[in-house]
Structure formats: structure tokens, C-alpha cells
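The structure under discussion appears below in the form of C-alpha cells.
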Amino acid sequence: MKISALQKARYEYSPKLPTVLRGEIGTVVPTYGQPTNAASDQEALKALFPNTYGLPKVSFGKGTNKDVAKKVNVGVILSGGQAPGGHNVICGLYDALKKANPENQLYGFLGGPSGILEDKYMVMTDELIDQYRNTGGFDIIGSGRTKLETKEQFAVCTKVCREHSINAIVIIGGDDSNTNAAVLAEYFRANNEPVCVVGCPKTIDGDLKNESIETSFGFDTATKTYSELIGNIERDANSARKYWHFIRLMGRSASHIALECAMQTQPNICLVGEEVEAKNQSVEDITNYIADIVAKRAEKGLNFGVCLVPEGLIEFIPSLKVLIAEINDLLAKTEAQFNALETSADKISFVEQRLSTSSKSVFDSLPVEIKAQLLADRDPHGNVQVSKIETEKLLIQTVGARLAQMKKEGKYNGKFNSQNHFFGYEGRCAFPSNFDSDYCYSLGYNAFFLVNANLTGYLSSVTNLEKPADQWQAGGIPITMMMNMEQRHGEKKPVIKKALVELDGKPFKYFESNREQWALETCFTFPGAIQYFGPGEVCDQTTMTLALEKN
């Protein structure tokens, strides 16, 4: 198979590890901290996780580990959407396993969690692993979104682990996947099954983090990829000087991706969903805000610009948030009846007749296309799939209508021509940046030591990430300390709490202090392509979000 020169060079890249994980593998030992608690719903979570709640944080240091060479078989699962660096997590885990004992085996379950349920796997080898080092994608074993959440599924997992003498399962996933990891760990512990379950924090969305998980892997690469594309569009906009580009960015519920890309590229407008909710803004308020900037730039003869829209914006607009929650509950209760309807018009009518008066008013105000997108297939939790809602097109329509009205009132005399874009899949499988290559390899290597210490229900944690890799710190945190109770399919369920943009945090404050100038002047910056070779200050830099949060 022919490979590119860059691909060949990336195969040969040696990821950097924290100093504590370097050298002889038998010198890494755990140190235990104080018992932990969840931030909320503590009693409910303690009742659901009696065997794995309240465990201490763990850090790794130097010492003598006499058990490191004990024979183990480990299963690994890629779960959920792709994120750059997933292959390196597996490579790091594999290398640590083989360094500890060449007889250790790594079973890669195929197609995500369904792989373990169907007992479909491949045993990892040097030849296979070497084909995927430092590459993007999840294609080494594939991923999937099957949930591991029922006792029947857990019984199957138990059977498969027994048949292959598997001692541990490492689940590489986001908040939902690691919630499932916590539930599976609790099941094994409650039933005296000697299988350790460890998670690794994956999601480009950036919403899986706390003081011990400083960033989820893939966020760095994805935002750099999107920022390159945004910079290219900004250069085009400033060259043609005739289009307003509305760019919707992947990121599910939180606005971390949009905020990071805004700091890297300095667009004229970036909406932050968390601020919209805090200010109780409506679609009309957002429309007026954008139209006002368009009009002020037009006064300067600048009939062009760039507006970034987070994918989850629609969930933060209070009136739409209430509407969406009502639709989610309604469709959870009437799923069979609703799904039996054949046309989009029938489905819209079905929902309209059952909404509260206030929600019906909001629903009626939306374009037909947006109504249909709100009622499209639900996600695995029964909720609306925000990635299918073309919010940027909605705003183009409402802003265009507002500017037309302003023109009639003599308040606007410019030209408004628009282009719309959605950047999502472009960033999920890119060649990981040096940061993500190093971070992911470290997460996987570190996961081995969690398995070795039988730390079930833990998430692999590598911190101090704003510093060079040799200063990174390694350890683990109980997944339960990140959880709360949320409404899913009409019921309260334990889930990892999403980390949203903090409006009093340094990244947002930096953006807030600059956005007025960026709005009215043309201050575009052009990050360019991800750099893999050259000086560390260019190639190993992390995101502005992490740098600002840690400095």
C-alpha cells in the first residue's frame, strides 16, 4: 500500500512521556490521596455505586513495583465519535503491556462496544500497531455507539472476559462512554468478577474535563484543524470583500471549540451558548446583535465578515431549550405513535398539537426546515441531535430579514450576501498534533499502571499539560467523582457532568475583552496548517484555552 511522506514520517515519531513513566517499567508505583466525592447528587450516586464511589485520587511516582511483570490480558474498546490520537492511546497501552511482560496480550474489540458483546476481536501485534502510530482515525479496530448499560450486556461481557482470560478492559471514550465504564466497573466489583475497568478521556468537544482531566484528547488537533479552515475563509473574505460567512462548528452542547477557534482566528463574531443562556437571550436578541455588527461594518464599507456559531447554540437559547426538553419528553412517551407517521408535515402537526402554549408559539416561529430537524431521529439518549440542526442557516435567514427591515427604516445601507459552512468531520480524524500524539500515548501508557494496580472505575489522568511533556504528571481519578444525575429518556440517570464554558474563566474573559475590536475592525489571524516538525514553540504548543486556564 502506498503511503504519503508525511504518514511515513509520523510512523517514526517517538511520542514524549512524563518523566515518571520513562525508564524501567518496574519503577512506577501509585500513591493514594483522600477519598473523593461527586460535585452533586452524592447520596444518589453513592447508592448506585456502593463499591466504587468515594475512591481516592491516585498519582504515580518512582519506587519499586514487584507486580509489574504479572501476566495480564487486556481488552480495549474505542467508543463513540472519532477523535485525533485514539490510535496512540492504544499504542501506548500496547507498548507498556509488552514492556512489562512480552506474554501480555491486548485484545482489540471490533466496532466499538458491540465488539465485546459479539465477541469480535483481534489480538494486537507489533506489525499491526506499527501501522497506526501517530495517525488519525479509529480504523485500527473501529468504533461504535452501542451502550453498555444493562445487566444482560454485562453478563455477556463477563462471559467473554472469562473465555479469553481477560483481566481488564480499557474503554476509550467521552462522557457517555466513560459513564458506561463506571457502571460496568461497579457491576464487576459487585459480582466479584476480577476484571478491572479503566477509561481514557476522549472527545473533541472539550467538555470532559476538571482539575484532574485538564483537556480531553483530540480537542487540540480538532480546533487547530478548524482554525486553519476558518483562517483560510477569513483570508478569502478579506480578499473578495463581498460575503458574510456563517460557520457552524462541531462541539455538541458546550461552546469550547467555537471559543478556542475564535481566540486563534479573531473573527468578527463568535456566539457562546453559555453566555446566551446566562443573558436569557432569544433568537431575536442574537439576530439583532449580529445585524448591528453587520450594519456598523457596512458604514465603513466593509460588507463582509465571519461569524462562528457553536453547534449546540440552539440548546442554550432559553425559549428553545424549554421547547427541546418538551419535545424530548413528548417523543419519549409517544415514540411508537410518532414513528408510525410517514410525512414530515404529519410529524410537525402531531407535535404542535401536544405542545404547551408557550412552546407552540416558539415552534411556530421557526422555519419548516428547522422544525423538521428538531424532530429528526433522536440520539441514543432520546434527545434531539443538535448536529443536524442548521443553526447557521436559521441565523442567516433571521439576520437577512432584520437587515431588510433596517434598510426600510434607513438604518442600514449595505449589502448582505452570505455563505454557510459546517465544520465537523473535517477535524475528527486529522493527523494528531504533536501535543495530542504525546498526550494520547501517555494516557494509554498510564492506563496500564491503573490496570496493574487494579484501579477499577478510574479514568486515566495526565496533568500539568501546559508544561513540556517531561513535566507532565500521571495518575487517575475515580469516574464517579465526575458524575451527576440527569434526565435521560424521561428518567434520572447517572452521567458524567459536562464541563461548559465558564463565563468567569480566563479564556472567555480574554475573548470578551477583545471581541468589540474584532467585530468592527478586520483583525483576522491565520493559524495555518498544523506543524509537526520544527521548533517546539511552533510544533508543541497547546491550545489557547489550556494556556489561559493554567497560567
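Whether any residue in segment 148-166 is buried (at least 21 other Cβ atoms within 10 Å of the Cβ), at pLDDT below 95 and under 26 Å from the mean Cα position of the chain (by Cα) is what I want to check. Scanning segment 148-166, I find at least one residue that is buried (at least 21 other Cβ atoms within 10 Å of the Cβ), at pLDDT below 95 and under 26 Å from the mean Cα position of the chain (by Cα), so the answer is yes.
Take the residues in segment 289-334 that are under 22 Å from residue 390 (Cα atoms) and among the hydroxyl-bearing types (Ser, Thr, Tyr); name whichever of them is surrounded by the most Cβ atoms within 10 Å (Cβ to Cβ). Applying the filter and picking the extreme gives 319. Could you look through segment 20-32, keep only residues that are in a helix (DSSP H, G or I) and touching a strand residue (DSSP E or B) at 6+ places or on another chain (Cβ under 9 Å), and pick out the one that is surrounded by the fewest Cβ atoms within 10 Å (Cβ to Cβ)? That would be 27. Summed over segment 387-421, the residues that are small (Gly, Ala, Ser) and over 13 Å from residue 244 (Cβ atoms) give a count of 4. Filtering segment 86-131 to residues that are part of a loop (DSSP other than H, G, I, E, B) and either among the hydroxyl-bearing types (Ser, Thr, Tyr) or outside the structural domain of residue 142 (by TED's automatic domain parsing) (or both) leaves only 125.
Residue selection: residue 6 fails the criterion of being of a type in the set (A, V, I, L, M, F, W, C), buried (at least 16 other Cβ atoms within 10 Å of the Cβ) and touching a residue at least 24 places away in the same chain (Cβ under 8 Å). Report whether or not residue 79 is buried (at least 23 other Cβ atoms within 10 Å of the Cβ), within 30 Å of residue 492 (Cβ to Cβ) and of a type in the set (S, T, N, Q). Judged against the criteria, residue 79 is a match. For segment 344-376, the candidate set comprises residues that are touching a helix residue (DSSP H, G or I) at 6+ places or on another chain (Cβ under 8 Å) and in a loop (DSSP other than H, G, I, E, B); within that set, the residue that is modelled with the lowest pLDDT is 376. For residue 210, the conditions (1) modelled with pLDDT of 95 or more; (2) within 14 Å of the chain's Cα centre (by Cα) all hold with the exception of (1). Tell me which residues, restricted to segment 377-403, are among the charged types (D, E, K, R), more than 21 Å from residue 293 (Cβ to Cβ) and part of a helix (DSSP H, G or I). Passing the criteria: only 388. With respect to residue 92, determine if the residue is under 30 Å from residue 251 (Cα atoms) and in contact (Cβ under 8 Å) with a residue 12 or more places away in the chain. Yes; evaluated as a whole, the condition is true for this residue.
Being at pLDDT below 95, under 29 Å from residue 92 (Cα atoms) and not basic (Lys, Arg) is a condition met by at least one residue of segment 544-551. Each residue in segment 291-340 was checked for being assigned to a strand (DSSP E or B) and either over 30 Å from residue 524 (Cβ atoms) or among the hydrophobic types (A, V, I, L, M, F, W, C) (or both), and 4 pass. Being more than 30 Å from residue 304 (Cβ to Cβ), of a type in the set (Gly, Ala, Ser) and out of contact with any His (no Cβ under 8 Å at 6 or more places or on another chain) is the requirement here; does residue 430 meet it? Criteria not met by residue 430. Among residues of segment 327-343 that are in the same structural domain as residue 354 (by TED's automatic domain parsing), none has a Cβ under 6 angstrom from a residue that is among the charged types (D, E, K, R) and loosely packed, with under 15 Cβ neighbours inside 10 Å at a sequence gap of 6+ or on a separate chain. Taking each residue of segment 217-235 that is within 13 Å of residue 530 (Cα to Cα) and looking for partners that are of a type in the set (D, E, K, R) and part of a helix (DSSP H, G or I) with beta-carbon atoms closer than 6 Å, six or more apart or interchain, yields 220/436; 221/436; 223/260.
What do you reckon, is residue 416 in a loop (DSSP other than H, G, I, E, B), more than 24 Å from residue 169 (Cβ to Cβ) and in contact with a Leu (Cβ under 6 Å, 6 or more places away or on another chain)?
yes
Looking across segment 33-85 at every residue that is part of a loop (DSSP other than H, G, I, E, B), farther than 30 Å from residue 427 by Cα and polar (S, T, N, Q), the one that is modelled with the lowest pLDDT is identified as 40. With the condition kept exactly as written, say whether any residue in segment 465-480 is within 23 Å of residue 263 (Cα to Cα), assigned by TED's automatic domain parsing to the domain that holds residue 74 and within 21 Å of the chain's Cα centre (by Cα). Yes, some residue in segment 465-480 is within 23 Å of residue 263 (Cα to Cα), assigned by TED's automatic domain parsing to the domain that holds residue 74 and within 21 Å of the chain's Cα centre (by Cα).
Of 415, 411, all but one fail to be surrounded by fewer than 16 Cβ atoms within 10 Å (Cβ to Cβ), under 30 Å from residue 228 (Cα atoms) and of a type in the set (Lys, Arg); the exception is 415. Among the residues of segment 208-243, those that are surrounded by fewer than 24 Cβ atoms within 10 Å (Cβ to Cβ), basic (Lys, Arg) and either under 20 Å from residue 265 (Cβ atoms) or not assigned by TED's automatic domain parsing to the domain that holds residue 83 (or both) comprise 235, 241, 242.
The values are calculated or read from the model by the stated rules, or taken from the named source; none is laboratory data. Quantities reported herein were computed from a predicted structural model and do not represent experimental measurements. As a convention, Cβ positions derive from the backbone with ideal geometry for all residues, glycine included, and neighbour counts pool all protein chains shown.
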